[in-house]
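Written out below as structure tokens is the structure these notes cover.
The values are calculated or read from the model by the stated rules, or taken from the named source; none is laboratory data. Because the structure is a prediction, the values reported are computed rather than measured. All Cβ positions, even for glycine, are placed from backbone atoms using ideal geometry, and neighbour counts span all protein chains on display. Heads up: the accessible areas ignore ligands, DNA and RNA and are worked out on the full protein's heavy atoms, side chains in. Shrake-Rupley method; radii C 1.70, N 1.55, O 1.52, S 1.80 Å.
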Amino acid sequence: MPEAVQQAREAADRLYRHRALRRRSPEVSAESALRGARASAALEGVDVPLEALRLGEAADPVSQGALRVSAELGRLGATWRSAPRQILARLHTLAAAGLMADPGRPRNEPTSADPLGLGPAPAPEETAVRMSALAGLLSGTTKAPALVLAAVVHAELVVLRPFGVADGLVARGAGRLTLVEHGLDPKSLIAVEVGHLELGDAYAEGLRAYLKGTADGVGVWVRHCAEAVVAGARETTAICEALSR
């Protein structure tokens, strides 16, 4: 696992040295966010062409939710560490608008939502306990690498399904926000969601491994997340190359 974490760090460092970022970093970040939103919606089962999103032609609530989450991340970083529960509620309000009547509130009953076929979500009581632990991890001091922390945040939100609707959109947004705020990708350039999508079945398989609760299972998931960062950095490098031409 340490080797995979190091490879992800090296991929990020290579991307950040690209000459296009000297003057066009905001454009690259915006394009990465757009591609990330499309990929995140696709992982929820709504695969909309990138150009349709770019032109504002995708009206379905899942794609719109993914776009809102991506657009807002840059304004949420300042309070991510100090008030993670508040930020998660905000992310869910953005993600689930149009999908449920009162987004942003943790569920207090079982949920049947299972877009990845992971099996039943934990009961609300267990979910609340684990969400408290996650908030403590985020707001405390940890020496874990940003990639490992982001992987845990992402996985916990997907498997717990704390809101019951659009939890995957929230999880991927929170994972990306963690990479930004903990220093792996401070300018939010890496289209990590694209990486998760490109890796196909490995996304759900990694989460199933995480669900086992073993060191080996968590390692499988962290290595997947490292591969997603490498693939996402490759996607963003292609964006940089296109802008350089």
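Couple of notes before you dig in:
- Residue among 122, 115 that is open to solvent by 30 Å² or more (accessible area, probe 1.4 Å) and assigned to a loop (DSSP other than H, G, I, E, B): 115
- Those residues of the stretch 87-106 which are at pLDDT 95 or above and farther than 16 Å from residue 44 by Cα, in sequence order: 87, 88, 89, 90, 93
- So residue 194, is it under 18 Å from residue 218 (Cβ atoms), out of contact with any Phe, Trp or Tyr (no Cβ under 9 Å at 6 or more places or on another chain), surrounded by 22 or more Cβ atoms within 10 Å (Cβ to Cβ) and β-branched (Val, Ile, Thr): no
- Matching residues, the stretch 128-167, being assigned to a helix (DSSP H, G or I), in contact with a Pro (Cβ under 7 Å, 6 or more places away or on another chain) and open to solvent by less than 10 Å² (accessible area, probe 1.4 Å): 138, 160
- Flag for residue 110 being within 18 Å of the chain's Cα centre (by Cα), part of a loop (DSSP other than H, G, I, E, B) and over 30 Å from residue 18 (Cα atoms): no
- On inspection, residue 99 fails the criterion of being touching a helix residue (DSSP H, G or I) at 6+ places or on another chain (Cβ under 6 Å) and open to solvent by less than 20 Å² (accessible area, probe 1.4 Å).
- Residue check for residue 40: of a type in the set (S, T, N, Q), farther than 15 Å from residue 187 by Cβ and crowded, with 17+ Cβ neighbours inside 10 Å: yes
- Checklist (1) part of a helix (DSSP H, G or I); (2) modelled with pLDDT under 95 applied to residue 59, failing item: (1)
- Hey, residue 191 touching a Lys or Arg at 6+ places or on another chain (Cβ under 6 Å) and within 27 Å of residue 97 (Cβ to Cβ) or not: yes
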